[in-house]
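Take a look at the structure set out below.
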Amino acid sequence: MLEYYEQRQPEYEKIYSIIERQDDLAWLQRRLEASVLGRRVLEAACGTGYWTRRIANAALYVLATDASEKLAKSALESCEGGHVDYRVMDAFQIPDSSEFDVFLAGFFFSHIKMQQRRTFMKGIDRAMKPGSKVILFDNRYIEGSSTPISSRSEYGDTFQTRTLDDGSAYEVLKNFPDQEELEVLMEEFCHDVSVEESDYFWLAMGTLK
């Protein structure tokens with residue numbers, strides 16, 4: 001997975017230029033800006049920094065993290081201003097982050113195996129202070145728009161075969177949780193849980209207990 005995203009870096013943000021998704025992307029950006037306003041944000045799996053840039057002006061401070069140093073540096077370099085920094089961090093090994101009051105991960109949850117979702121949430125709960133906001137957002141599966149599912153594991157995980165501009169192909173884990181699954185998982189660790197859906201994306205938020 002890490003190799004795939006590092007190789008995809010130069011072409012990754014083309015996905016955000018799809019015409020029919022522009023209204024949904026604008027909706028998502030507005031919701032994120034309002035949710036991080038004046039807050040200190042720990043962003044996991046920042047990738048190229050597309051969403052780092054879109055929350056940076058609203059947040060008091062953003063630490064953009066990724067398991068790839070190449071991508072984390074890229075995210076920082078794509079941002080302007082002195083209130084964004086970067087760190088190499090595995091989203092499953094979050095260190096003490098009590099200085100932050102928002103944990104944010106965009107387009108990462110779908111790359112978590114179904115059996116590891118609770119482990120991921122436990123890591124957030126352990127690292128962040130009570131009362132911190134958790135914000136997760138990702139794709140919905142849309143027939144005819146999303147990359148087709150190419151295979152499925154015995155545990156129910158789904159995979160897509162993705163081909164880069166250079167012709168190289170990768171099998172990528174890509175799960176699509178429904179609203180009920182997200183609510184049940186979030187409510188174990190958070191109160192004030194909300195799960196919103198647009199045509200193409202979902203947005204889940206809650207406050208750590």
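The values are calculated or read from the model by the stated rules, or taken from the named source; none is laboratory data. Computed from a prediction, not measured in an experiment: that's the story for all the values here. Every residue, glycine among them, receives a Cβ derived from its backbone with ideal geometry; neighbour counts consider all protein chains shown. Calculation scope for accessible area: heavy atoms of the full protein, side chains included, ligands and nucleic acids excluded. Shrake-Rupley method; radii C 1.70, N 1.55, O 1.52, S 1.80 Å.
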Label point 7 Å beyond Cα of S153 along Cβ direction - residues of the stretch 110-144 with amide nitrogen under 17 Å: 110-121
The chain: calculated mean residue ellipticity at 222 nm from DSSP helix runs of at least 4, using -39500 (n - 2.57): -8500 deg cm²/dmol
Determine the share of the chain's accessible area contributed by carbon and sulfur atoms, expressed in whole percent, with a 1.4 angstrom probe. 45
Amide H neighbours of I94 at under 5 Å, excluding residues fewer than 5 places away on the same chain, with H built from the backbone geometry, are none
What figure in square angstrom, to the nearest 10, would you give for the accessible area of T161 with a 1.4 Å probe? 70
Take every DSSP beta bridge whose two residues both sit in the chain, then give the antiparallel share in percent to the nearest 5. 55
Add +1 for every Lys or Arg and -1 for every Asp or Glu among the other residues with Cβ under 13 Å from the Cβ of S145, and state the total. -2
Can you work out the FRET efficiency for the pair H83 and K122, with r the C-beta to C-beta distance and R0 = 30 Å, to the nearest 0.05? 0.55
Dimensions in Å of the stretch 106-209 - Rg and Dmax from alpha carbons: 15.0, 46
Where only protein heavy atoms count, and the probe is 1.4 Å, what is the accessible area per residue for the chain in Å²? 48
Convex hull of Cα atoms in the chain, direction-averaged projection (nm²): 11.0
Please work out the ratio of the alpha-carbon Rg of the stretch 151-201 to 2.2 N^0.38 Å and round it to two decimals. 1.57
What is the sum of charges, Lys and Arg at +1 and Asp and Glu at -1, for the other residues whose Cβ falls under 11 Å from the Cβ of E188? +1
Can you give me the three principal axis dimensions of the stretch 86-145 from its C-alpha atoms, in Å, biggest first? 43, 23, 21
Stretchable slack from D192 to Y170, in nm (0.36 nm times residue separation minus alpha-carbon distance): 4.1 nm
Summed over the other residues with a beta carbon less than 15 angstrom from that of K133, with K and R at +1 and D and E at -1, the charge totals -3
